[in-house]
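Below: the structure, in structure tokens.
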Amino acid sequence: MSVEKEIAPLVLIVSGPSGSGKSTLVQKILELPGTMPSVSCTTRPRRATESSGKCYDFVSEAEFDAMAARGEFLEYARVFGRHSYGTPKKWLEESRKRGLDLVLEIDVQGAAQVKEKLPKSVAIFILPPSREELERRLRSRGQDSEEEIARRLAEAREEIAAFGKYYDFCVVNEDVERAGREVQAIVTALRCTSSRRRDQVQRLLASFGG
Ligand code: 5GP
């Protein structure tokens, strides 16, 4: 068995307000070898640009409730008070089986649940540089109604106010290239922590003999 497989893979939670650019930064993390995404289930209707299985598994309310009742979610939440989103536990099992660091893109309620269940998980909070810029980004996506944009801005304020409690890292997404380098650097640094390198140190020592 390889050294990496003996250590539980990282569970990386990425969250932040809608429009903060977290999906792009999640993709930057997933460019690193040794990572895999978690695919959430949601009851939200699919957008024209989305296909099932890639961004989300789109399920009915009844399917979602049945999965929750069977205890199949690591976490789940009702986001914006309307649709349910959840992380199936199967991705955690898959990441452990394959020895790959798991990346979760979830909201702040979900992040709090994962941190409570898996205290070793690492939460990264993505922030927009300003409220104005967040609003501009939400509008330029052209996917939400005025009502939805107003809801997402109000929600963003709540999320930012609550962030300090659960997040280990905070990345301000002003320049996406720079923010991308920062999230990759966080993952790289986490992989180099001495507790995760203990076995390698032991093997190195053993290779000296004596
Ligand atoms: P959207 O509808 O724009 O794709 O996502 C809305 C919000 O739901 C985003 O903040 C997104 O991160 C969050 N979200 C996506 N998947 C999950 C999940 O599995 N669990 C939780 N708690 N939130 C999620």
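Checked against the criterion of being touching a Leu at 6+ places or on another chain (Cβ under 9 Å) and either at pLDDT below 95 or open to solvent by 50 Å² or more (accessible area, probe 1.4 Å) (or both), the stretch 199-210 contains not a single residue that satisfies it. Residues of the stretch 22-54 being farther than 20 Å from F64 by Cβ and either buried (at least 22 other Cβ atoms within 10 Å of the Cβ) or among the β-branched types (V, I, T) (or both), which ones? Once the filter is applied, which keeps residues that are farther than 20 Å from F64 by Cβ and either buried (at least 22 other Cβ atoms within 10 Å of the Cβ) or among the β-branched types (V, I, T) (or both), the stretch 22-54 yields K22, T24, L25, V26, I29, T35, T49. Considering only residues in the stretch 161-176 that are open to solvent by less than 60 Å² (accessible area, probe 1.4 Å) and of a type in the set (A, V, I, L, M), the one that is nearest to R44 (Cα to Cα) turns out to be A162. Here Y56 fulfils each of the conditions (1) farther than 23 Å from A162 by Cβ; (2) at pLDDT 95 or above; (3) not aliphatic (A, V, I, L, M) apart from (2).
State yes or no: is R139 more than 9 Å from the ligand (Cβ to nearest atom), open to solvent by 30 Å² or more (accessible area, probe 1.4 Å) and more than 30 Å from E174 (Cβ to Cβ)? Reasoning before the result, please.
Values: more than 9 Å from the ligand (Cβ to nearest atom): yes; open to solvent by 30 Å² or more (accessible area, probe 1.4 Å): yes; more than 30 Å from E174 (Cβ to Cβ): no.
So R139 does not fit the description; no.
Taking the conditions (1) in contact with a Leu (Cβ under 8 Å, 6 or more places away or on another chain); (2) open to solvent by 30 Å² or more (accessible area, probe 1.4 Å); (3) of a type in the set (D, E) in turn, D101 satisfies each one other than (2). Filter the stretch 7-34 down to residues that are within 17 Å of T87 (Cβ to Cβ) and over 12 Å from the mean Cα position of the chain (by Cα) and give me whichever is farthest from the ligand (Cβ to nearest atom). Here the answer is A8.
Can you tell me which residue among S130, S145, S121 is surrounded by fewer than 15 Cβ atoms within 10 Å (Cβ to Cβ), within 23 Å of V172 (Cβ to Cβ) and among the small types (G, A, S)? Give the steps one after another, and end with the answer.
Values: S145 fails: within 23 Å of V172 (Cβ to Cβ); S121 fails: surrounded by fewer than 15 Cβ atoms within 10 Å (Cβ to Cβ).
Every option except S130 fails the conditions.
Of all residue pairs spaced 6 or more apart or on separate chains, those with beta-carbon atoms under 8 Å, a first member in the stretch 100-114 that is within 17 Å of E155 (Cβ to Cβ) and more than 6 Å from the ligand (Cβ to nearest atom) and a second member that is part of a helix (DSSP H, G or I) and open to solvent by 20 Å² or more (accessible area, probe 1.4 Å) are V108/A162; V108/F163; A112/K165.
The values are calculated or read from the model by the stated rules, or taken from the named source; none is laboratory data. Only a predicted model underlies this, so the values are computations on that prediction, with no experimental measurement involved. Every residue, glycine as well, gets a Cβ built from its backbone with ideal geometry; the counts of neighbours run over all protein chains shown. For the accessible areas, the whole protein counts, side chains as well, though only heavy atoms, and no ligand, DNA or RNA atoms are used. Shrake-Rupley method; radii C 1.70, N 1.55, O 1.52, S 1.80 Å.
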